[in-house]
Amino acid sequence: MAAGLTLLLGGFLLGFSDITRVGALLATLPLLAAVATRRTSSTVEVSRRVQPARLVVDQPANVQVVFENTSGRRSQLQLAEERLDHVLGDRPRFVLPPMEPGDIREVDYQIRSHVRGRHRLGPLTLRMRDPFGLATIAATTPGVTDILVLPRVEVLGRGRPHSEGIGAEGTIPHMVALHGEDDVAVRSYHEGDDLRRIHWPATAHRSMLMVRQEDLPARRRAVVVLDSRADGHQGSGALGSFEWAVSAAASIATHLFGHHYALHLVSNETTAGGEATQVLEIDKAMASLAVAQLGPVQRFEEVLHWAHPLTSAGGLVIAIVTDHDEAMLRQIAALRQPGGVGLLFLLDSKSFAGGRAGPPANQTLELASLVDAAGWSTCIVRSGMTVDAAWDAASTRGAVSLGAGR
C-alpha cells in the first residue's frame, strides 16, 4: 500500500498516467485482499478420536481429527496446525482442501509419549490466505482433548506373599464383598451389634431389624504406600528413582488386583482427593499413578497419617520408599501390625543418580536391617533392577539385598 501511494502521488505530480494507474492498483490490492478473505471465511468445527483412549509409556496411538464445515458457504484452502504437549512429538501440519457446506474431512496422525501423565491435544489453528498472498487469517478452533499416559507395568511372578495370620483380619478376612446389596447375607439383629451394619432394605421387607452377616468371606486387603518426597528421590526422567517407584506401584497394584485383593493406594494424589480410604478399581489406581508428582516431606507425613487406620486391622502392606532418613523409616515400619505381612522396597537413591557403583552403602544396609527387624520383608532396590526381580526377592519373606538386575 505504501508503494502504491508513492507511485500514485509521483505519477500524478509528474504527469505519468500509467504510473498513476499502477499506483492506484497497488494501493487497492491489500484492501481487496482483506475484503475477499473476510467474505470467504467459514466455520469449521473440529473433533478428535484417540485410539486407544488410554496409553502406556512408549505406546503409539492414532489420533483422528474430523473437520466439518458448518457454515453456509464454501471454505477456502487452509493450513491446519495442531498444538501438542512437547512430549507427544512434533506439531502435525496438514493442508485442508476446500469444503462445501456440510462436508466432513478426516486426517490422522500418530503420537507417542515417553513420559507418563495427562497431556493435551489442541487447540488447532487454521490459517487461510487470499489469492494474492497479501492477507492471512489465523483462527484457533475451540476444543481440546486430554489423554492419559499410564506408567509402565511389568508382569510380576505368579506367586503372591504368604497370607497366613494377617493380623486382625485372621486367616479369612471378614470384609463384606463390594458387589452390591444383593450379594450381602443378612441375619436378625442381636443386642450389641453395630448399628452401622443394619441392612435397611431387608429391615423394611421383614419389619424387623436385620444386619449384614459378619463372617462373609471377601477380598483380602492390600495397602500400597508410595513415597513421593522430593528430597529423597534422585535421578531424572525414566531412569530416576521416583519413576521406578511409580512403575513398581503400578505393577504391584495390577498384580494384586489380578489376585482379587481389595486395593488401597495411599499417595499424595489419593490423599488429596480423599480416595485413600476407598477400595480402588485398577483403572482408578492407574489414573492416580499416571499423574503422581513429587512433593514436600509434609505431604508424605500426611500420607502416613492416612495409611495408619487402613493398616491397623492387619492385611498386606507394601511400601515403596527411599533411604532418605531413619526417623521416617521407623514411622513406615510401624504400619505393619503384628502377624501381618509387610513388603518394603527400599530405594538406594544414590545409585539412581549414577554416582555410585558396587554394593549398597552401609547406611542403606543398616536401614534395611532396621525395617527387617520390625518384621518386614525388605528388598534394597538399585538402579537397573527390574520390578519383577524386586518383587520376587521381597516375596520370599526374607531380608534381601540384590545388585543391579537385568
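No value in this document is a laboratory result; all are computed from the given coordinates. Computed from a prediction, not measured in an experiment: that's the story for all the values here. With ideal geometry, Cβ positions are generated from the backbone for all residues, glycine too; neighbour counts draw on all protein chains shown.
So the values come out like this:
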{"item": "Using alpha-carbon coordinates, inclination of helix 297-311 to the longest axis of the chain, degrees", "result": "50"}
{"item": "37 °C / 0.692 mPa s Stokes-Einstein diffusion coefficient of region 44-150, Kirkwood radius on C-alpha pairs, µm²/s", "result": "224"}
{"item": "Candidates THR28, THR70, THR311, ranked by Gaussian network fluctuation over the chain, Cα under 10 Å, top entry", "result": "THR28"}
{"item": "Helical mean residue ellipticity (222 nm; -39500 (n - 2.57) per DSSP H run of 4+; nearest 500) of the chain", "result": "-9000 deg cm²/dmol"}
{"item": "Most to least packed among 298-305, 71-78, 13-20 [average Cβ atoms within 10 Å]", "result": "298-305, 71-78, 13-20"}
{"item": "Proxy reagent accessibility, fewest Cβ within 10 Å first, across ARG116, ARG212, ARG91, ARG196", "result": "ARG196, ARG91, ARG212, ARG116"}
{"item": "Segments 313-325, 136-148, 332-344, 241-253 sorted - mean Cβ within 10 Å per residue, highest first", "result": "241-253, 313-325, 332-344, 136-148"}
{"item": "Folded to 0 to 90 degrees: helix 2-14 orientation relative to the chain principal axis, Cα", "result": "10"}
{"item": "Where N is the number of residues in region 218-401, Cα Rg divided by 2.2 N^0.38 Å", "result": "0.93"}
{"item": "Cβ-based charge dipole, the chain, positive-most Cα from GLN59, ASN268, GLY15", "result": "GLY15"}
{"item": "Computed E for ALA272/ARG129 - FRET, C-beta separation, R0 56 angstrom, nearest 0.05", "result": "0.70"}
{"item": "Per-residue Cβ neighbour rank within 10 angstrom, fewest leading, TRP391, TRP200", "result": "TRP200, TRP391"}
{"item": "Zone of THR70's modelled label, taken as backbone nitrogen in region 136-156 under 17 Å from a point 7 Å along Cα→Cβ", "result": "139-145"}
{"item": "Spherically averaged projected area in nm², based on the convex hull that wraps the Cα atoms of the chain", "result": "31.7"}
{"item": "Karplus 3J(HN,Hα) series, Hz, for region 377-394 with 6.51 cos²θ - 1.76 cosθ + 1.60 (x for Gly, Pro)", "result": "9, 10, 10, 7, 9, 10, 4, x, 6, 7, 5, 4, 5, 5, 5, 4, 5, 5"}
{"item": "Dipole moment magnitude, nearest 20 debye, the chain about Cα centre, only Lys, Arg, Asp, Glu C-beta charged", "result": "1100"}
{"item": "Surrounding net charge for ALA285, when Lys and Arg each add one and Asp and Glu each subtract one, Cβ distance under 12 Å", "result": "-3"}
{"item": "Whole-angstrom gap from region 76-94 to region 309-354, using each part's C-alpha centre", "result": "45"}
{"item": "Computed over region 44-150: relative contact order in percent, which uses C-alpha pairs under 8 Å that are six or more apart", "result": "32"}
{"item": "Virtual spin-label span in nm between LEU294 and HIS259, 7 Å along Cα→Cβ", "result": "3.2"}
